[in-house]
1. Consider residue B:322 carefully, then state whether it is more than 30 Å from residue B:184 (Cβ to Cβ) and away from every other protein chain (no Cβ under 14 Å).
2. Do any residues in the stretch A:342-368 that are not assigned by TED's automatic domain parsing to the domain that holds residue A:295 have Cβ atoms under 7 Å from those of residues that are in a loop (DSSP other than H, G, I, E, B), where the two are at least six apart or on different chains, and which pairs are they?
3. List the strands (runs of 3 or more DSSP E) that sit entirely inside the stretch A:1-70 and contain at least 3 residues that are within 14 Å of another protein chain (Cβ to nearest Cβ).
4. Looking at the stretch B:294-313, can you tell me whether even one residue there is touching a Lys or Arg at 6+ places or on another chain (Cβ under 6 Å) and at pLDDT 95 or above?
5. Kindly establish whether residue A:127 is at pLDDT below 95 and outside any helix (DSSP H, G or I).
6. Mind checking whether some residue in the stretch B:17-31 is under 18 Å from residue B:147 (Cβ atoms), more than 24 Å from the chain's Cα centre (by Cα) and of a type outside the set (Val, Ile, Thr)?
7. Restricting to the stretch A:336-370, what's the tally of residues that are within 22 Å of the chain's Cα centre (by Cα) and either not β-branched (Val, Ile, Thr) or not in a helix (DSSP H, G or I) (or both)?
8. Can you tell me how many residues in the stretch B:68-83 are over 18 Å from the mean Cα position of the chain (by Cα) and not aliphatic (A, V, I, L, M)?
Number of protein chains: 2
Amino acid sequence: MKGNFVYHNPTKVYFGKGALQNLGGELAKYGKTVQLIYGGGSVKKNGIYDAVVSVLKACGKRIVEDGGVMPNPTTEKLKEGIKIARENKADLLLAVGGGSVCDYAKAVSVSVHCEEDPWEKYYLRFEEPSCEIVPVGCVLTMVGTGSEMNAGAVITNREQKLKIGHVFGSEVMPKFTVLDPEFTYSVPRRQMVAGIYDAFNHVCEQYFSGDDDNVSDRLAEALMKSIVASSRVAVKDPENYEARSNLMWAATWALNTLIAMGKDTDWEVHMLGQAVGAYTDATHGMTLSAVSLPYYRHILPYGVKKFRQFAVEVWGVEEKGTDEQIAYMGLEKLREWMTELGVAQNISELGATEEMIEGIADATLVMDGGYRVLTRPEIVKILKESL
Amino acid sequence: MKGNFVYHNPTKVYFGKGALQNLGGELAKYGKTVQLIYGGGSVKKNGIYDAVVSVLKACGKRIVEDGGVMPNPTTEKLKEGIKIARENKADLLLAVGGGSVCDYAKAVSVSVHCEEDPWEKYYLRFEEPSCEIVPVGCVLTMVGTGSEMNAGAVITNREQKLKIGHVFGSEVMPKFTVLDPEFTYSVPRRQMVAGIYDAFNHVCEQYFSGDDDNVSDRLAEALMKSIVASSRVAVKDPENYEARSNLMWAATWALNTLIAMGKDTDWEVHMLGQAVGAYTDATHGMTLSAVSLPYYRHILPYGVKKFRQFAVEVWGVEEKGTDEQIAYMGLEKLREWMTELGVAQNISELGATEEMIEGIADATLVMDGGYRVLTRPEIVKILKESL
């Protein structure tokens, strides 16, 4: 554990079949007014909305509606949520949905009592909240982002064509999270595999950095192996509880800060993917899968040791040949798995065009924790190879 | 993740060189009177006591001394600690030491405002606290028990010859923990390896149960591999920061509830070891290592699949031969590693005698979460093979 760190994750997780039965006990800790946050309406179709509302009513709560959160929550929607919370004096923000809904709830939570413009304060100046934070609870219905047990909140500014994530402190993490794997059964296959790749890539982003032996990287390998094994069951049998529950729990730990402790992290795939997302509004996980292989092939020569370890430990590649050959075999296994899942392997299929490349490159933030700090020409090259 | 579960671990961890600099910030959250809890005085020799006291004084705290906590904290000592806390109205119990000191602090924390006899209430009747709990903070100086980030507290009743652990709820977990790997450098080698084996066995206890594929077991394998690899460096080079820091962090996660989520657990080695400890007062980790191999050899036939997985995933045993042969090879690798570490491999060297066997068997609690629920003759057989 090379670097010093602070680990603090106080989110209380209720996990398993029927976990929603714990919601009432949590609600009792907060005031009367609950801002009920959800997305485009799938929770109304699959019955989860009704189940949550009936708990809220049984607990005597006043429900304030805040639906229609889009896959990439925008600054406009954020303003709307802040207004609802202010006008109704929301005591709890209850996010019922996937990562976008949960991210949005957290962004609202730090903005309700903030007098400045939250986009400028949190996403352009990366400042920390200096105001009261409205508590957030979460009922997760889609696996992938890890937002249910972390303090991250990605917001998109459509006008500025920027999609930026701010990772806040532990005081912004959801106070509680309900994780019922059965709630994820009705997620369409395309969304399920995008979420699976998103979770896997979260681990990669934290893994592909540094070359010391540390607990974080070993835990990362365990999570990757678990995600791959369970995904292979889930794509064939989406209602396999064992597989879906493993995916749900592994995805939570893929991005709840643990595996980043004591080490540098990369996050360049997310920077590339988010820039693609700002231009195409494509599903987050698909933007990541679409740029991953060109990016990893590009940086592999700068981190051969770790890419070799990835090949051997995660994919069981035989230790035959040069380190570089073994390392490339790991990426080949990754490509095969992406094909099995059916996730996007290029950005053209997500709507990106050659003409957009310069703009996407402009929108790509450059990180410096991984094996290579990308130059502008390298970003353009990777994006072109991703077309 | 077969079973439903609640995961909640709010302990804030400050990890790394110089992590004690964060103590002041934490102290500011509590009242003036700090009960300073420590063991036999090693913290006075290595300077950690002075360092902590100077932070306490700089923060204007009133220090109430509570030293002399023994390796297996007793009910008598517990009464003493409760008295100190009551008479001085302690606002914070600050444990500076290893697992015993931290366990003791937690036992005091739930007893100060408890009107019943804590031994009877918590350790014989296994009831939960119904009183105010005094907050606990921890500065860890020895690695192994995981007590720094869990709600467990083992107490020994010498008169009744019983050593019993109670795992409380998350409200009993330390509010904060300072983990500086350099604080562990001065631990004598025998204590260091006992702590390493204790941590490893914590993982085993949670791993050797069930046969489904789950995230917890994969994380468990990652922790075991990390502990074994780092221990091999640490026994040769005790001041290797990378190794000692990995051991410290892996040991914390070996017993902070994560890898037990969604599955049954065994804990019979601890029951056997604690009974040996009640008779011999031997170092906890050594009592575990001394009974492990006879116990695991005895239960292996009932859990071949997992013992085989242990052999292959943790020890890299080649997949040649029958499942049972591969499984036994894993135990052989475990034996070799125990020899490398120099931990006890029999209870005679800890002071146990043939005459004590029946008494130790009487004191051994029988658990039912592992591969085999031991009968009385089996316990006696395992203990005799451990002589």
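1. On the way: more than 30 Å from residue B:184 (Cβ to Cβ): yes; away from every other protein chain (no Cβ under 14 Å): yes.
Spelling it out, residue B:322 is indeed more than 30 Å from residue B:184 (Cβ to Cβ) and away from every other protein chain (no Cβ under 14 Å).
2. Close Cβ pairs (under 7 Å, with a partner that is in a loop (DSSP other than H, G, I, E, B)) do not exist here.
3. Working: elements: A:5-15, A:33-38, A:62-66.
Ranges flagged: A:5-15.
4. Narrowing the stretch B:294-313 to residues touching a Lys or Arg at 6+ places or on another chain (Cβ under 6 Å): B:299, B:302.
Within this subset, residues satisfying the condition of being at pLDDT 95 or above are B:299, B:302.
Scanning the stretch B:294-313, I find at least one residue that is touching a Lys or Arg at 6+ places or on another chain (Cβ under 6 Å) and at pLDDT 95 or above, so the answer is yes.
5. Working: at pLDDT below 95: no; outside any helix (DSSP H, G or I): yes.
Judged against the criteria, residue A:127 is not a match.
6. Looking through the stretch B:17-31, at least one residue is under 18 Å from residue B:147 (Cβ atoms), more than 24 Å from the chain's Cα centre (by Cα) and of a type outside the set (Val, Ile, Thr).
7. Within the stretch A:336-370, the first condition is being within 22 Å of the chain's Cα centre (by Cα), and the residues that meet it are A:337-347, A:349-352, A:360-361, A:363-370.
Going one step further and asking which of them are either not β-branched (Val, Ile, Thr) or not in a helix (DSSP H, G or I) (or both), we end up with A:337-338, A:340-347, A:349-352, A:361, A:363-370.
Residues that pass the stated criteria total 23.
8. Within the stretch B:68-83, residues that are over 18 Å from the mean Cα position of the chain (by Cα) and not aliphatic (A, V, I, L, M) number 8.
The values are calculated or read from the model by the stated rules, or taken from the named source; none is laboratory data. Keep in mind that what you see is a predicted model, and the values were worked out from it rather than measured. Positions of Cβ are backbone-derived with ideal geometry, glycine not excepted, and every protein chain shown enters the neighbour counts.
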